[in-house]
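One structure is given below, encoded as structure tokens.
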Amino acid sequence: MIDYRAIEAKLMDTVGGARRPVAIAFLDAPPAGVEKFEGSQPSSCSYWRLAAEGRKFYTEASDHLNCPVGAYTHNTLTPERLPELQQTLGLMSSIGYIRMEEVPGVFHLDRAPKVVAYAPLGETTYPPDAVLISGLPGAMMLIAEAAMRAGAMSNLPLLGRPTCMAIPAAMSNGAVTSSGCIGNRVYTDVPEDHIYTVLRGSDLEKVAAELDTIRSANRTLTEYHQERRRSLSTM
């Protein structure tokens, strides 16, 4: 049994801050003992904020239709709601935010989930398909280096808009880093100086196991480079 609470503590010690890593699972049925989310949210990524704040719940596919872009990346978009996606993309294109030829490159889930479950990582009762972490770039550097050492880092470049595509990208390719997007920052209140790393759930344990080595190596290299800077700098 994976000790998700211990892994969360290690990640939080690395990342700092108050936002907890979020465990996300795409399921065919509600996980046992987890309550259904009641209410409405404007986007799929809004649920990240609630889970990072400590809430544990599951949503149904229909709960993700308020944001057509998120519904597309999560493969929950229904034919009746397709015009909303086209309208949103048309707006984004008309203001210069995207080019329509970029759209086919947006990652999305291959299979439509019936249920999407969210929890703070340390409180998950189900194996996550993806683990979402946010923090300052220096901390995300350490997470990425641990993923590289574990052989769990994808070959994808830094991802951008939409942020939610980082989840299917990580699930199919390995760990990814995302700069986020303006919609996500509005809906989640993530600080402007934070970025995201998303880990594939099956890689979580081995990435966490490499964090101690990476953190220790970075402390040693900090001293090494500081000494080089002092000895090699001239005015």
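Among the listed residues 116, 69, identify the single one that is open to solvent by less than 40 Å² (accessible area, probe 1.4 Å) and assigned to a helix (DSSP H, G or I). Walk me through how you get there before you give the answer.
Working: 116 fails: assigned to a helix (DSSP H, G or I).
Exactly one of 116, 69 is open to solvent by less than 40 Å² (accessible area, probe 1.4 Å) and assigned to a helix (DSSP H, G or I), namely 69.
Cβ-Cβ contacts under 7 Å between residues 6 or more apart (or on different chains), taken from a first residue in segment 39-57 that is assigned to a helix (DSSP H, G or I) to a second residue that is of a type in the set (Gly, Ala, Ser) and buried (at least 20 other Cβ atoms within 10 Å of the Cβ), are listed as 51/119. What's the number of the condition residue 97 fails, among (1) aromatic (Phe, Trp, Tyr); (2) in a loop (DSSP other than H, G, I, E, B); (3) closer than 30 Å to residue 214 by Cα? Going through the list (1) aromatic (Phe, Trp, Tyr); (2) in a loop (DSSP other than H, G, I, E, B); (3) closer than 30 Å to residue 214 by Cα, residue 97 breaks only (3).
Conditions tested, residue by residue: (1) in contact with a Pro (Cβ under 9 Å, 6 or more places away or on another chain); (2) among the charged types (D, E, K, R); (3) at pLDDT 95 or above.
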position	(1), (2), (3)
50	no, no, yes
61	yes, no, no
65	no, no, no
79	no, no, no
84	yes, yes, no
90	no, no, no
99	no, yes, no
111	no, yes, no
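With the requirement that a residue be within 13 Å of residue 143 (Cβ to Cβ) and either among the aliphatic types (A, V, I, L, M) or at pLDDT below 95 (or both), what does segment 189-208 give you? Listed by number, the residues that qualify are 195, 198, 199, 204, 207, 208.
The values are calculated or read from the model by the stated rules, or taken from the named source; none is laboratory data. Just so you know, these numbers come straight off a predicted model, no measurement behind them. All Cβ positions, glycine included, derive from the backbone under ideal geometry; neighbour counts span all protein chains shown. Calculation scope for accessible area: heavy atoms of the full protein, side chains included, ligands and nucleic acids excluded. Shrake-Rupley method; radii C 1.70, N 1.55, O 1.52, S 1.80 Å.
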